[in-house]
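Heads up, the thing below is written out as structure tokens.
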There are 2 protein chains.
Amino acid sequence: MAQLSTASGIPVATIKYYLREGLLPAGERSGPNQALYGPEHLRRLRVIRGLLEVGGLSIAAAHQVIDAIDSDLGLSHTFDIAQRTVSPQIDLAALSPEAVAQVDTVLSGWHVSPDNPGRLAAARVLQTFAELGQPDLSGWVPGYAAAALAVAEADLDEVDARSDRESKTEMVVVGTVLGDALFAALRRAAQEHVSSRRYPAPPNP
Amino acid sequence: MAQLSTASGIPVATIKYYLREGLLPAGERSGPNQALYGPEHLRRLRVIRGLLEVGGLSIAAAHQVIDAIDSDLGLSHTFDIAQRTVSPQIDLAALSPEAVAQVDTVLSGWHVSPDNPGRLAAARVLQTFAELGQPDLSGWVPGYAAAALAVAEADLDEVDARSDRESKTEMVVVGTVLGDALFAALRRAAQEHVSSRRYPAPPNP
DNA sequence: ACTATCGGATAGTGTTGCTGTCTATAGTTT
DNA sequence: AAACTATAGACAGCAACACTATCCGATAGT
């Protein structure tokens, strides 16, 4: 276990904690107080840290998506679990009908089930804007939808590019979680790029 | 204050907490133990709840971006504060040069400063993929970059569409925070749409 | 005069993600 | 064989966070 700790850079106490929480499978027992850990444990640890640190998931959420990787349920079901895990729980009754209608307008032509977590989350965001007196976002949101469609195509392409089923499953889960972080990061960079192109000389205070 | 509480749906104790933390400016004092709260307080409360619940910010982070709204520092500076607040702090020394180079390839042609928070965060994500043995993302990431560019254009368009400076500032801050959530939500919906189009009949277990 | 409410201060709560300590045992070195 | 180190497993403790509850003295409205 000391090796596992030094190889991963994670303290022994933390590894024990992940074992306790069921995030990491126990090592192969070689005695009452001895266990052997293989490369798959190291890999799993890296998945865990990626989900927690980069993806910002909680321990409980990471547990769910890791279970989704381990169980073989078919890709669409795995997608569903991953999506629900990373999305906020939203009560449909708490949403204004206007916001929901607004989202459905944007999503018109898409085949999306009514309880898709993204649909509800998007409605929540639009409702927040509406409460802040920004009712007309018709110039803004469609651009987001078009970009989201392009990204989703890229996501599915990448999953298709994986050869074996296990690799596909992992790409579904990890891609769902880390894809959010990746896009947000690239948006920051793109904002600086576009901003500097539009306003060449930033005003000096 | 009771009115403010019922109007916003936020418990009095919580409003007091926000006052203590400096998120909400004090009401206009009308006596040693009396204060008046106006519509601007209600609006501010809605901003706070949006940042915390929808944007997922911490109290400290919300404080920073709210200060950015209040101070008038020029749009590019406000953008910078908002970006740094919502981005994870990443130590450049902890990043592998390969991951950084990979990001810079994707960002080639963009005018992005070396310490742009998005550049570092994107490198962190790519490094995580590399550690998981997914080295070749050249079919995936460029699509993200193109989409991010389109979204950034839409963001700046929307800021430009605001007339007064204060409204622009608020759109910069709120748009930066809630835009992430909006895009992530629409990506979920788009994934279901694309997935159902590509694999019409999900396998029944 | 009386009662409800106010602002302000202080302390307490539940959750989360670890971290430190302890014990009994097992391997390893001398 | 004795000394030493490392291990698994259980348990308690801790710091940060976002509230929440209680108390207090003063005052506004009736």
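The values are calculated or read from the model by the stated rules, or taken from the named source; none is laboratory data. None of these values were measured; they are calculated from a predicted model. Methodologically, a virtual Cβ is constructed for each residue, glycine included, from the backbone with ideal geometry; neighbour enumeration extends over all protein chains shown. SASA here: full protein model, heavy atoms, side chains in, ligands and nucleic acids out. Shrake-Rupley method; radii C 1.70, N 1.55, O 1.52, S 1.80 Å.
Residue-wise test of (1) at pLDDT 95 or above; (2) charged (D, E, K, R); (3) open to solvent by 70 Å² or more (accessible area, probe 1.4 Å); (4) within 16 Å of DNA strand C (Cβ to nearest atom).
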residue: B:Gly31; (1), (2), (3), (4): no, no, no, yes
residue: B:Pro39; (1), (2), (3), (4): no, no, yes, yes
residue: B:Leu51; (1), (2), (3), (4): yes, no, no, no
residue: B:Gly56; (1), (2), (3), (4): yes, no, no, yes
residue: B:His63; (1), (2), (3), (4): yes, no, no, no
residue: B:Thr78; (1), (2), (3), (4): no, no, no, no
Exercise. Say whether the condition of being under 20 Å from B:Val65 (Cα atoms) and facing another protein chain (nearest Cβ under 7 Å) is met by at least one residue in the stretch B:107-117.
Key: yes
Quiz item: Given the conditions (1) within 15 Å of DNA strand C (Cβ to nearest atom); (2) in a helix (DSSP H, G or I), and given that B:Pro25 satisfies all but one, which numbered condition is not satisfied?
Solution: (2)
Practice problem: Return the only residue of A:Ala145, A:Ala181 being within 17 Å of B:His193 (Cβ to Cβ) and within 19 Å of the chain's Cα centre (by Cα). | Solution: A:Ala145
Quiz item: Any residue at all in the stretch B:28-39 that is more than 17 Å from the chain's Cα centre (by Cα) and closer than 21 Å to B:Asp155 by Cα?
Solution: no
Quiz item: Restricted to the stretch B:68-95, and to residues that are among the small types (Gly, Ala, Ser) and away from chain A (no Cβ under 11 Å), which residue is nearest to B:Gly22 (Cα to Cα)?
Solution: B:Ala68
Practice problem: Kindly indicate whether any position in the stretch A:191-205 is within 21 Å of the chain's Cα centre (by Cα) and either crowded, with 16+ Cβ neighbours inside 10 Å or within 7 Å of chain B (Cβ to nearest Cβ) (or both). | Solution: no
Self-check item: the stretch B:53-78: number of residues that are assigned to a helix (DSSP H, G or I) and farther than 29 Å from B:Ile15 by Cα
Solution: 3
Quiz item: So, of the residues in the stretch B:2-24 that are more than 12 Å from DNA strand D (Cβ to nearest atom) and open to solvent by 20 Å² or more (accessible area, probe 1.4 Å), which turns out to be nearest to A:Glu131 (Cα to Cα)?
Solution: B:Ser8
Self-check item: The lone exception for A:His63 - which of (1) within 15 Å of DNA strand D (Cβ to nearest atom); (2) of a type outside the set (A, V, I, L, M, F, W, C); (3) more than 9 Å from chain B (Cβ to nearest Cβ) it fails
Solution: (1)
Quiz item: Does A:Ser30 fit the bill of being in the same structural domain as A:Glu131 (by TED's automatic domain parsing) and more than 23 Å from B:Val194 (Cα to Cα)?
Solution: no
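Are any residues in the stretch B:80-92 open to solvent by 60 Å² or more (accessible area, probe 1.4 Å) and in contact (Cβ under 8 Å) with a residue 24 or more places away in the chain, and if so, which ones?
Initially, the stretch B:80-92 is screened for residues open to solvent by 60 Å² or more (accessible area, probe 1.4 Å), giving B:84, B:88-89, B:91-92.
Scanning the stretch B:80-92 gives B:Arg84, B:Pro88, B:Leu92.
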Self-check item: Complete set of residues in the stretch B:118-143 that are touching a residue at least 24 places away in the same chain (Cβ under 8 Å) and facing chain A (nearest Cβ under 7 Å)
Solution: B:Gly118, B:Ala121, B:Arg124
Quiz item: Within the stretch B:125-139, can one find any residue that is among the aliphatic types (A, V, I, L, M), open to solvent by less than 60 Å² (accessible area, probe 1.4 Å), out of contact with any Gly (no Cβ under 8 Å at 6 or more places or on another chain) and farther than 27 Å from A:Gly50 by Cα?
Solution: no
